[in-house]
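See structure below.
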Number of protein chains: 2
Amino acid sequence: MATPVLPPTAIGIKAIQFYYPKNFVAQVDLEKFDGIAPGKYTAGLGQIEMGFCYDNEDVTSLALTVTHSLLEVYKIDPKSIGYLCVGTETLTDKSKSVKTSLMDLFGDNTDIEGVDVKNACFGGTQALFNAVDWVTANWQFQERLAIAVMADIAIYEPGNARCTGGAGAIAVLVGPDAPLVIERGFRSCHMANSWDFYKPIGGEASEYPKVNGSLSVKSYLEAVDKCYNLYNQKVIKQINEGRDTNAFTAILFHCPFYKIVQKAFGRLIYADHRRGGDSWLTNTDEFEPFREYSDEKTYTDRDFNTAALQVSKPYFVQKVEPNMTLNQRIGNMYTPSVYAQLVTFLAKFDPIAATPQRLLIFSYGSGLASAMFSIEISDAENSELAKMKEVASGAVHRLEDRIQHSPEAYAEVMANREKLTNSDVPVIPSSSQNGISSHLFPGTYYLTNIDVNRVRSYARIPLH
Amino acid sequence: MATPVLPPTAIGIKAIQFYYPKNFVAQVDLEKFDGIAPGKYTAGLGQIEMGFCYDNEDVTSLALTVTHSLLEVYKIDPKSIGYLCVGTETLTDKSKSVKTSLMDLFGDNTDIEGVDVKNACFGGTQALFNAVDWVTANWQFQERLAIAVMADIAIYEPGNARCTGGAGAIAVLVGPDAPLVIERGFRSCHMANSWDFYKPIGGEASEYPKVNGSLSVKSYLEAVDKCYNLYNQKVIKQINEGRDTNAFTAILFHCPFYKIVQKAFGRLIYADHRRGGDSWLTNTDEFEPFREYSDEKTYTDRDFNTAALQVSKPYFVQKVEPNMTLNQRIGNMYTPSVYAQLVTFLAKFDPIAATPQRLLIFSYGSGLASAMFSIEISDAENSELAKMKEVASGAVHRLEDRIQHSPEAYAEVMANREKLTNSDVPVIPSSSQNGISSHLFPGTYYLTNIDVNRVRSYARIPLH
């Protein structure tokens, strides 16, 4: 009989890898191209650049790229993995999992539980929670690790939502004795039936979503309130005292665009103020005029919003904004979005700083599914943490290795994606027909063709 | 601070509910209608009848029906639920979860983690595993229960695969101190990249899959072998001895059709024989001529197959066949398929029989994802078990309350589903325009309309 294995402790993230496309368009250029008022996408939404993929990248190629790279860079033995789950909303198939394609990376080890998880931008967080629970529940029998993959291509039909696109993929290794510990018992969720953003099947095939923008913003902010309140209830139940925003080194949010994160952070500060946990806040008298406002009214009222931004600004600049570089320069990535802030945080992480440091994370997916949870860094000098910092820094620096394209070129790429989606088969993506390597980073997987039975095949750009 | 809660034990299934459509067609009638040799669908595949839905049922209506019914029949407090996960491959949306629609059934309790899980027929098993792991990992903090929902409508384009359709939905309540305990540490998986069955997005929208039938049969049988071997390795590691098929009261298989289950069971007997764990087997000399056969050859060789069926038959009749009633009379249900055998087992369960009784379960989803695990019944006189038996018996008896239709009527219903999938919007399903209640059981949810934004709305047939 096997020697008993102790229950696992300090389960969390032990490795992280981030992939984003080599191509981007500047938001100032998009403003001109779309013929709208200058500053609408930049000052208005707070976005700087937007990454995009040619028609030979899809969710499977993204997931292959980031997972292969995670295994390679961290020298992870494929045999050490017992669970793998992919969170995505960029589906190319209604039945076959992206996860099944990733099995090609694991050789003889076919005993890897987990399939795909789907709910808009929330799927990645559910994949992470599943991975944490799988390790918690199965470590004593398996002593194996888990991987959560988040991958999406965010694109919109021509019009005012198109500037909120982006693309990316993140893979995290989950196991015990992790430097980034997911705190147990503190997860809070807010789940509801909402049609704020969805991708119905029916009629002509399309990669674009249906969007109710104002409902989506309101649903997001309401979810922040509900999750934060419930998070605190759970914390109080366990450690007898709550936590205000000041209890966290950094606060990371799902980021469809910068400005909504600013508003969301304002909600946390407003909640602290109303709970009376605001002795450390300055300027809270700005909230006075809105004392009688209903929650409902605060979601849309401009004056309230201005006041909330004003009160929260000094803390926003300190705890939120520094981690938004990748989000502002790549755009919305759907499932990887909030984890791109974790990557940015790690790139800037100072191991000399006192620990424990604590991060609060808010994840949101339209439809809707949302959650809040926290991560504790208990050992700043951990070698796994040092490796993650190195990889994260590399990801931030790689922003400069991208190719800038004109809005005209971007529009043409989008037109090619539309054509491919509705093409007869067999078909070779236009960008796989020539010049494949110029718009892909080394080590990137790409779609070589879709055969007569709509089977998709992939190849990899050499690493060197 | 909260009083510490002990780690949960005996986690498993505490309640089960099964829904299937009120309409069916006889396989003998389909044989005539399709103009093929008599017996091909009946004797050949082993199927008797096939259930089907009109165009006003979709995966969301199925999931609403079965989940509402689970809560209602077992008087489950919606506040007691902390996790809910839906496994399906009958997607109507690439982003919004079916789970979000189910939130309408839980009132103020919006703190219910979990979204949809997708990989062909395997999604339901992953939903169950997720639910078990969630309870295992979170019980001490939450003391709440989990629900796993499996729902699918299996339909095929006109031709020789159409007779392998079906439809159904199962919901299970998961928690500690369950009468049906999912044995910890014994789960084995076989996951691989296979294009045996899939539902690509692109071109014209369709509910029908792409199928490579012979690859799918071979992939399924290979998965049985791999999972059974690995299951035994894990059992031996923990309890120092393996288990042969004789160690189980019943063995339940994913069932696209009866005959493949017969073959799959033959693989287990063949594996027992080869491991030398066959002292209880008679007639094993039938395997002699195939001693030098490669595994590869045994998957397709007719003589081997005949011999395996011969040797395994007495045990098949005892341990497998009695639980296939619902599968033979409703057809393939995709994710709920193997759990329909659990329902049949429960309907026939004899509480006087000695416990522990043990069930072996094999789940398969094309693409591919598969797993084997076991359930132990340790207390036959448990009141939750008695309630499950009552509900299961009701489900089996309800087969007689269905309406038999002609193949012509079935073909017309399928044509209406095709029309709806490709219709301009807004649209009302043809079967919601009149005579709604005649082809739906009391308590069934149905699709009332798809609006101009492709938002789907539902209503419920009164219970009485």
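The values are calculated or read from the model by the stated rules, or taken from the named source; none is laboratory data. Owing to the predicted nature of the structure, the values given are computational and were not obtained by experimental measurement. So basically every Cβ, Gly included, is an ideal-geometry build from the backbone, and we count neighbours across all protein chains shown.
Mind counting the residues in region B:354-379 that are of a type in the set (A, V, I, L, M, F, W, C) and without any contact (Cβ under 8 Å) to a residue 60 or more places away in the chain?
1
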message: Suppose we keep only residues that are of a type in the set (S, T, N, Q) and crowded, with 24+ Cβ neighbours inside 10 Å within region B:31-71. Which one would you say is nearest to B:Thr448 (Cα to Cα)?
response: B:Asn56
message: more than 14 Å from every other protein chain (Cβ to nearest Cβ) and farther than 30 Å from A:Asp196 by Cβ: is that true of A:Leu71 in this structure?
response: yes
statement: Residue hits (region A:91-111; surrounded by fewer than 23 Cβ atoms within 10 Å (Cβ to Cβ) and either more than 8 Å from every other protein chain (Cβ to nearest Cβ) or of a type in the set (A, V, I, L, M, F, W, C) (or both)) are A:Met103, A:Leu105, A:Phe106, A:Gly107, A:Asp108, A:Asn109
- prompt: Which condition number in (1) within 20 Å of the chain's Cα centre (by Cα); (2) more than 9 Å from chain A (Cβ to nearest Cβ) is the one that B:Asn232 fails?
  reply: (1)
task: Being among the polar types (S, T, N, Q) and more than 14 Å from chain A (Cβ to nearest Cβ) is the filter here, so list the residues in region B:430-464 that pass it.
output: B:Ser430, B:Ser431, B:Ser432, B:Gln433, B:Asn434, B:Ser437, B:Ser438, B:Thr444, B:Thr448
task: Please enumerate the residues belonging to region B:419-464 that are without any contact (Cβ under 8 Å) to a residue 12 or more places away in the chain and aliphatic (A, V, I, L, M).
output: B:Val455
- prompt: Of the residues B:Phe265, B:Phe248, B:Phe287, B:Phe257, which is closer than 19 Å to B:Arg187 by Cβ and in contact (Cβ under 8 Å) with a residue 24 or more places away in the chain?
  reply: B:Phe248
- request: Can you tell me which residue within region A:360-407, out of those that are within 14 Å of another protein chain (Cβ to nearest Cβ) and not aliphatic (A, V, I, L, M), is nearest to B:Ser101 (Cα to Cα)?
  value: A:Gly367
B:Leu128, sole failed condition from (1) surrounded by 24 or more Cβ atoms within 10 Å (Cβ to Cβ); (2) at negative phi; (3) among the hydrophobic types (A, V, I, L, M, F, W, C); (4) within 7 Å of chain A (Cβ to nearest Cβ): (4)
message: Can you list the strands (runs of 3 or more DSSP E) lying wholly within region B:164-219 that have 1 or more residues being in contact with a strand residue (DSSP E or B) (Cβ under 7 Å, 6 or more places away or on another chain), within 9 Å of chain A (Cβ to nearest Cβ) and crowded, with 21+ Cβ neighbours inside 10 Å?
response: B:188-191
task: Would you check which residues across region B:72-90 are surrounded by 21 or more Cβ atoms within 10 Å (Cβ to Cβ) and under 15 Å from B:Ile170 (Cβ atoms) and list them?
output: B:Leu84, B:Cys85, B:Val86, B:Gly87, B:Thr88, B:Glu89, B:Thr90
field: Filter pass, B:Ala10 being at pLDDT 95 or above and on the phi > 0 side of the Ramachandran plot
entry: yes
task: Can you give me the number of residues within region B:339-366 that are under 18 Å from B:Leu268 (Cα atoms) and among the small types (Gly, Ala, Ser)?
output: 1
- line: In region A:269-322, residues that are polar (S, T, N, Q) and assigned to a loop (DSSP other than H, G, I, E, B) total 4
- prompt: Exactly one of (1) farther than 22 Å from A:Ser69 by Cβ; (2) assigned to a helix (DSSP H, G or I); (3) within 7 Å of chain B (Cβ to nearest Cβ) is unmet by A:Trp139. Its number?
  reply: (3)
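What are the residues in region B:112-121 that are farther than 12 Å from A:Ala369 by Cα and within 7 Å of chain A (Cβ to nearest Cβ), if any?
Answer for region B:112-121, where residues must be farther than 12 Å from A:Ala369 by Cα and within 7 Å of chain A (Cβ to nearest Cβ): B:Val117, B:Lys118, B:Asn119, B:Ala120.
Can you confirm whether B:Leu326 is of a type in the set (A, V, I, L, M, F, W, C) and in contact (Cβ under 8 Å) with a residue 40 or more places away in the chain? If you could, list the steps in order and put the result at the bottom.
Details: of a type in the set (A, V, I, L, M, F, W, C): yes; in contact (Cβ under 8 Å) with a residue 40 or more places away in the chain: yes.
So B:Leu326 passes the test.
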query: Tally time: how many residues in region B:220-229 are away from chain A (no Cβ under 11 Å) and closer than 30 Å to A:Asp58 by Cα?
result: 1
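Okay, residues lined up against (1) within 30 Å of B:Ala205 (Cα to Cα); (2) more than 18 Å from the chain's Cα centre (by Cα):
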residue	(1), (2)
A:Ile361	no, no
A:Met372	no, no
A:Ile377	no, yes
A:Lys387	no, yes
A:Ser393	no, no
A:Val396	no, no
A:Asp401	no, yes
A:Ala411	yes, yes
A:Glu418	yes, yes
field: Selection count, region A:408-429, where residues are more than 14 Å from every other protein chain (Cβ to nearest Cβ) and crowded, with 18+ Cβ neighbours inside 10 Å
entry: 3
- request: Would you be able to say whether some residue in region A:244-255 is over 26 Å from A:Asp301 (Cα atoms), out of contact with any Leu (no Cβ under 6 Å at 6 or more places or on another chain) and assigned to a loop (DSSP other than H, G, I, E, B)?
  value: yes
message: On the basis of being within 24 Å of the chain's Cα centre (by Cα), closer than 30 Å to A:Ala15 by Cβ and crowded, with 16+ Cβ neighbours inside 10 Å, does A:Tyr315 make the cut?
response: no
query: Of the residues that make up region A:66-84, is at least one among the polar types (S, T, N, Q) and touching a helix residue (DSSP H, G or I) at 6+ places or on another chain (Cβ under 8 Å)?
result: yes
